[in-house]
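Let me begin by presenting the structure, written as structure tokens, before commenting on it.
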Amino acid sequence: MPNDIDQAPLVGLIEHMRSCLAYPDRGIPDTLGWLRDVTCCDGIILCQVRLSPASSIRHIANHNYHPEWIQTYLAQDFGTIDPVIRYAYLASNIYSWEDAYKHFEDCCPATFFETAAHYGLHAGFACRFYQDNSKIMTVCSLCVESNVLKPTARWVLYNAMPALHTATNGMEKNKSIRPLSLRESEVLKWASEGKTVWEIGMILCLSEGTVKFHLRNIYRKLDVTNRAQAIATAAHQGLI
């Protein structure tokens, strides 16, 4: 703990770590809100990345990022190209978006940077937590106005990550059956009948992009990676 940090962040950290581990559904968003206040960031987001068999976003907890950015991020499958996520594999703990962007700027489509900028996402920091032999990595990303993160902010972010990682893992494991929305159920029903994305869109009066967005949400909720697995899992759980 840095010498110039008072006791308030330490007390707050302990309280929120306990809350995360005891009541993850409430503790995780409360902790993200506390971290936002302590770090003075504009928005903060927590996601878990499945490392095997292929990298994919497993869970997202959003605190003050624009909802349309989250929807676009998932619909466009930005998780597979996001430099902040990709740089997490190389970083030791806390790193800047600037470093991640510079490292991958030549192999990341311009549309990603343009879309992020449209939603005011220009500068920030991220911290990752990963345990050896685990297939899951947790990344917490903060949007800040300047490319500066004070020592207190770095310290609380770094030390909060193990609890956030454990709490999110536990929350996911306890949700073996995650309810689908009405629209997701409709999309999955038609998918189970062999309809293509285009056909589902025509039936439900949705664009192909929106159908794909719902399918990705279905995959994440059912903890699967493709349509066949989603149909089989949903049938087993009595969802279709």
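Selection of the range 92-145 for residues being over 24 Å from residue 164 (Cβ atoms), acidic (Asp, Glu) and in contact (Cβ under 8 Å) with a residue 12 or more places away in the chain yields only 105.
When residues in the range 125-136 are screened for being touching a Leu at 6+ places or on another chain (Cβ under 6 Å) and under 15 Å from residue 92 (Cβ atoms), 2 of them pass. Checked against the criterion of being open to solvent by 30 Å² or more (accessible area, probe 1.4 Å) and closer than 13 Å to residue 126 by Cβ, the range 52-70 contains not a single residue that satisfies it. In the range 27-71, which residues are touching a helix residue (DSSP H, G or I) at 6+ places or on another chain (Cβ under 7 Å) and more than 19 Å from residue 142 (Cα to Cα)? The answer is 55, 56. Screening residue 207 against (1) of a type in the set (Ser, Thr, Tyr); (2) open to solvent by less than 10 Å² (accessible area, probe 1.4 Å); (3) free of Cβ contacts under 8 Å to residues at least 12 places away in the same chain leaves a single unmet condition, (2). List the number of the failed condition for residue 199; all other conditions in (1) surrounded by 14 or more Cβ atoms within 10 Å (Cβ to Cβ); (2) within 30 Å of residue 117 (Cβ to Cβ) hold. Just one mismatch for residue 199, condition (2).
Looking at the range 207-240, which of the residues that are of a type in the set (Val, Ile, Thr) and assigned to a helix (DSSP H, G or I) is modelled with the lowest pLDDT? Only one residue tops the list, namely 233. A Cβ distance below 6 Å, combined with a sequence gap of six or more or placement on separate chains, defines the contacts here; from the range 191-202, residues that are among the small types (Gly, Ala, Ser) reach residues that are buried (at least 17 other Cβ atoms within 10 Å of the Cβ) and assigned to a helix (DSSP H, G or I) in the pairs 192/231; 201/211. Those residues that are touching a helix residue (DSSP H, G or I) at 6+ places or on another chain (Cβ under 8 Å) and among the small types (Gly, Ala, Ser), I need them from the range 92-127; list them, please. Within the range 92-127, 100, 116, 123, 124, 126 meet the criteria.
Scanning the range 166-194 for residues that are under 17 Å from the mean Cα position of the chain (by Cα) and either open to solvent by 80 Å² or more (accessible area, probe 1.4 Å) or at pLDDT 90 or above (or both) gives a single hit, 173. Of all the numbered requirements in (1) of a type in the set (A, V, I, L, M, F, W, C); (2) modelled with pLDDT of 90 or more; (3) within 18 Å of residue 37 (Cα to Cα), residue 204 misses one, and that requirement is (3).
The values are calculated or read from the model by the stated rules, or taken from the named source; none is laboratory data. None of these values were measured; they are calculated from a predicted model. Because the Cβ atoms are built from the backbone with ideal geometry, glycine has one as well, and the counts that use them run over all protein chains shown. Just so you know, the surface numbers come from the protein's heavy atoms only, side chains and all, with ligands and any DNA or RNA stripped out. Shrake-Rupley method; radii C 1.70, N 1.55, O 1.52, S 1.80 Å.
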